[in-house]
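First comes the structure, then the notes that go with it.
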Amino acid sequence: MANKTLYRIDQLLARINTHPEYSLRTRHEVTNALLEEGARHSYSLELMAEQGLGEKNSPSQKKKDEKNIYRLINNGWEYLCEQGISVGTLAAFGQIIEPENHPYPNFRSTQVMFGEFAPPTPDRVIYKIKDLTDQLETFHGHPVLRAIEAHIEMIKIHPYQDGNGRSARLLQNFCLQERGYPAAIIPKNEREIYISLLRDTLRDRYNFKSSSQKASPAEQNFQEYIESKVLGSLERIEEELKKRRAYEVQFNGVESPAVLISAYKAIRSQGRKKASPITITEEKGNHKKKSKKITIIGDIGRDELESVLSRCKNNLNLDYTLLRKTE
């Protein structure tokens with residue numbers, strides 16, 4: 001099942017990367033929006049983990065807590081983008097994500113427990129993190145599985161006093177971005193599913209029943225869960241790319257504004273058929289010129305656009321050149 005999902009992920013990513021009608025600008029916008037959405041859900045998962053937080057704190061205090069955690073997550077993302085993944089950057093990462101409980105840019109100095117699990121003792125954390133960074137550098141499997149491995153091991157090592165869940169999810173999404181994949185969004189309303197799958201995976205890891213080389217059935221379920229989130233993000237990106245395909249067209253021999261108005265009306269009518277508007281913007285310049293360059297954005301395929309432009313040429317005597325796509 002997991003291999004089928006990874007295959008679908010790669011097929012969809014390849015189409016997004018090479019499709020001549022898809023706007024790179026739109027892709028960046030949607031990818032960034034997904035990152036922000038992932039951060040919002042991540043802090044919500046963290047807040048929900050605090051027992052009674054939603055009941056004990058006032059709405060204004062809860063909103064303040066959310067805003068602060070979201071800001072710190074963004075700081076952590078920017079830090080990884082600037083510094084990359086290394087033992088040194090991960091040592092400082094905990095203080096960036098959760099400065100209140102990490103006065104120094106280093107790994108935890110006390111032993112912690114989370115649930116039924118006892119992570120490595122403080123003196124072993126740096127060596128476990130070194131193993132993780134080395135593994136990420138030499139990982140030969142699928143990039144999505146590499147990101148999932150970062151997620152699992154960060155939780156398993158639990159290198160910080162607090163904020164380990166946020167850190168693991170953020171590191172996972174950074175690993176995905178490094179290889180050109182979008183963020184895996186774990187929605188807050190699926191917290192119980194996520195925690196249950198992760199708990200079963202960690203149990204097998206701690207008991208040496210599972211590893212990155214040979215995942216147990218429980219870990220395969222967790223992998224499939226995260227893979228499905230990556231696939232979902234890619235599907236959302238393509239959905240937006242379809243709605244906002246971008247083209248540049250140059251009309252030549254424009255005899256009157258009325259001819260252009262008729263051409264624009266014919267192009268926009270294709271959007272009305274799909275209940276999806278098509279926008280047309282003119283390049284700024286001399287309005288008296290007989291050539292006019294326009295940008296067309298909307299849910300219209302290249303063949304469909306060519307057909308409309310061909311009719312405009314025949315019916316309105318309006319010559320055109322369909323240029324490269326708008327980035």
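The values are calculated or read from the model by the stated rules, or taken from the named source; none is laboratory data. Here the structure is a predicted model, which is why all the values come from computation and not from measurement. Using ideal geometry, Cβ is built from the backbone for each residue, glycine included, and neighbour counts are taken over all protein chains shown.
Quick one: how many residues across segment 2-22 are over 30 Å from Ala215 (Cα atoms) and either touching a Pro at 6+ places or on another chain (Cβ under 9 Å) or crowded, with 20+ Cβ neighbours inside 10 Å (or both)?
Matching residues across segment 2-22 total 1.
Give segment 185-203 a look and list any residue that's surrounded by fewer than 19 Cβ atoms within 10 Å (Cβ to Cβ), in contact (Cβ under 8 Å) with a residue 12 or more places away in the chain and not hydrophobic (A, V, I, L, M, F, W, C), or say none.
Across segment 185-203, the qualifying residues are Pro187, Lys188, Arg191, Arg199, Asp200, Arg203.
Test each condition in (1) crowded, with 22+ Cβ neighbours inside 10 Å; (2) closer than 22 Å to Ser211 by Cα for Leu136 and report the one that comes out false.
(1)
For every residue, the table says whether it meets (1) closer than 30 Å to Tyr194 by Cβ; (2) charged (D, E, K, R); (3) free of Cβ contacts under 8 Å to residues at least 60 places away in the same chain.
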| residue | (1), (2), (3) |
| --- | --- |
| Ile226 | yes, no, no |
| Arg244 | no, yes, no |
| Val249 | no, no, no |
| Arg272 | no, yes, yes |
| Glu304 | no, yes, yes |
| Leu318 | no, no, no |
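Does at least one position in segment 44-64 carry a residue that is modelled with pLDDT of 85 or more, crowded, with 16+ Cβ neighbours inside 10 Å and either of a type in the set (A, V, I, L, M) or within 30 Å of Ser216 (Cα to Cα) (or both)?
Within segment 44-64 (the criterion being modelled with pLDDT of 85 or more, crowded, with 16+ Cβ neighbours inside 10 Å and either of a type in the set (A, V, I, L, M) or within 30 Å of Ser216 (Cα to Cα) (or both)), the answer is no, since none of the residues qualifies.
Within segment 95-124, work out how many residues are over 14 Å from Ala168 (Cβ atoms) and in a helix (DSSP H, G or I).
Within segment 95-124, residues that are over 14 Å from Ala168 (Cβ atoms) and in a helix (DSSP H, G or I) number 8.
Mind listing just one residue for me: the one in segment 71-94 that is assigned to a helix (DSSP H, G or I) and among the polar types (S, T, N, Q) and, of those, surrounded by the most Cβ atoms within 10 Å (Cβ to Cβ)?
Per the stated criteria, the residue is Thr89.
Going through Thr138, Thr133 one at a time, which residue ends up being in contact with a helix residue (DSSP H, G or I) (Cβ under 9 Å, 6 or more places away or on another chain) and among the β-branched types (Val, Ile, Thr)?
Only one candidate qualifies: Thr133.
Evaluate the following for Glu238: is it modelled with pLDDT of 90 or more and either of a type in the set (S, T, N, Q) or within 30 Å of Ser44 (Cα to Cα) (or both)?
Taking the combined requirement at face value, the residue satisfies it.
Please go through segment 260-271 and pick out each residue that is in contact with a strand residue (DSSP E or B) (Cβ under 9 Å, 6 or more places away or on another chain), at pLDDT 90 or above and within 15 Å of Ser310 (Cβ to Cβ).
Across segment 260-271, the qualifying residues are Ala263, Ile267.
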